[in-house]
Protein chains: 2
Amino acid sequence: MPNTARWAATITLTATAVCGPLTGTALATPAPPTLYAPSSLVFTTGHGEIAAEAAPDRAVTLSCAPTASGTHPAATAACGELRAAGGDFDALPARADVMCTREYDPVVVTVDGVWQGRRVSYERTFSNECVKNSYGTSVFTF
Amino acid sequence: MPNTARWAATITLTATAVCGPLTGTALATPAPPTLYAPSSLVFTTGHGEIAAEAAPDRAVTLSCAPTASGTHPAATAACGELRAAGGDFDALPARADVMCTREYDPVVVTVDGVWQGRRVSYERTFSNECVKNSYGTSVFTF
């Protein structure tokens with residue numbers, strides 16, 4: 001084999017060894033383009049005044065795009081309410097038809113993740129579980 | 001009606017007015033006892049060095065208790081890997097069969113929520129998307 005041919009073979013083999021696995025990996029794990037802004041959240045609730053000191057009693061997930069899903073017990077309703085509030089958790093109206101005692105047994109709710117492409121890191125303390133569940137009709141009822 | 005009977009009637013009516021709605025609300029929104037430690041997470045990934053400056057390109061949810069679910073594309077595998085790593089995201093081994101370029105195009109991954117009852121707030125930067133996907137076989141591949 002002349003020197004030129006030998007070099008060509010070496011280069012081809014090297015290229016296959018280096019690029020082959022790379023191409024394979026790229027095909028195996030494509031980054032899918034998203035056609036919608038992601039909305040994926042995780043909610044926790046625990047007994048206490050601040051999340052840092054309250055072990056989470058429950059935690060649920062909520063995805064609102066492309067469709068409502070997650071372990072949140074009322075995912076579709078919760079997504080609808082959040083859309084109506086423009087993703088502002090402080091803007092969720094309290095229900096007028098719920099009466100709660102004034103007992104002080106604080107529960108803290110956290111919400112983390114992404115709402116319509118914006119990062120969310122929210123924490124709010126309610127004086128008791130009943131008050132927590134009275135905000136919005138379903139967002140905090142989990 | 002004698003005075004005693006009138007008082008008894010008043011007290012009963014008051015009790016019904018005050019406690020009735022409370023009981024109704026309590027029945028409508030019971031806090032379900034959890035038989036397992038909650039494991040609900042939200043993952044995000046974005047282009048940049050730190051999450052605070054990187055808009056999230058994608059966000060997925062992952063629930064591992066009682067069963068694997070969520071918008072994570074490989075929920076069951078990801079839950080299995082996390083269990084094997086004891087929930088330690090830094091302990092996820094890099095795959096040996098993946099070759100990545102050394103191109104610097106950083107992506108930052110965040111994980112928030114709860115793993116087996118403990119709060120999780122994790123952030124990690126990889127030098128490029130390929131390197132991100134090479135950690136664990138599926139946890140960061142979303």
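The values are calculated or read from the model by the stated rules, or taken from the named source; none is laboratory data. These numbers come from a predicted model, not from an experiment. As a convention, Cβ positions derive from the backbone with ideal geometry for all residues, glycine included, and neighbour counts pool all protein chains shown. Please note that ligands, DNA and RNA were not included when accessible areas were found on the heavy atoms of the full protein model with its side chains. Shrake-Rupley method; radii C 1.70, N 1.55, O 1.52, S 1.80 Å.
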Exercise. Name every residue in segment A:87-112 that is without any contact (Cβ under 8 Å) to a residue 40 or more places away in the chain and aromatic (Phe, Trp, Tyr), in order of residue number.
Key: A:TYR104
Exercise. May I ask you to say which residue of A:SER127, A:SER134, A:SER138, A:SER121 is on the phi < 0 side of the Ramachandran plot, of a type in the set (Ser, Thr, Tyr) and under 16 Å from the mean Cα position of the chain (by Cα)?
Key: A:SER121
Self-check item: From A:ALA31, A:ALA15, A:ALA5, A:ALA75, residue being at pLDDT 55 or above, aliphatic (A, V, I, L, M) and more than 16 Å from A:VAL109 (Cα to Cα)
Solution: A:ALA75
Exercise. Could you please tell me which pairs satisfy a Cβ distance under 6 Å, a separation of 6+ or placement on different chains, a first residue in segment B:113-131 that is under 17 Å from A:VAL114 (Cβ atoms), and a second residue that is in a helix (DSSP H, G or I)?
Key: B:TYR122/B:PHE89; B:GLU123/B:ALA51
Quiz item: What strands (runs of 3 or more DSSP E) completely inside segment B:35-142 contain at least 2 residues that are facing chain A (nearest Cβ under 9 Å) and open to solvent by 50 Å² or more (accessible area, probe 1.4 Å)?
Solution: B:118-126
Exercise. Only one of these is in contact with a helix residue (DSSP H, G or I) (Cβ under 7 Å, 6 or more places away or on another chain), of a type in the set (A, V, I, L, M) and at pLDDT 95 or above: B:VAL98, B:VAL109. Name it.
Key: B:VAL109
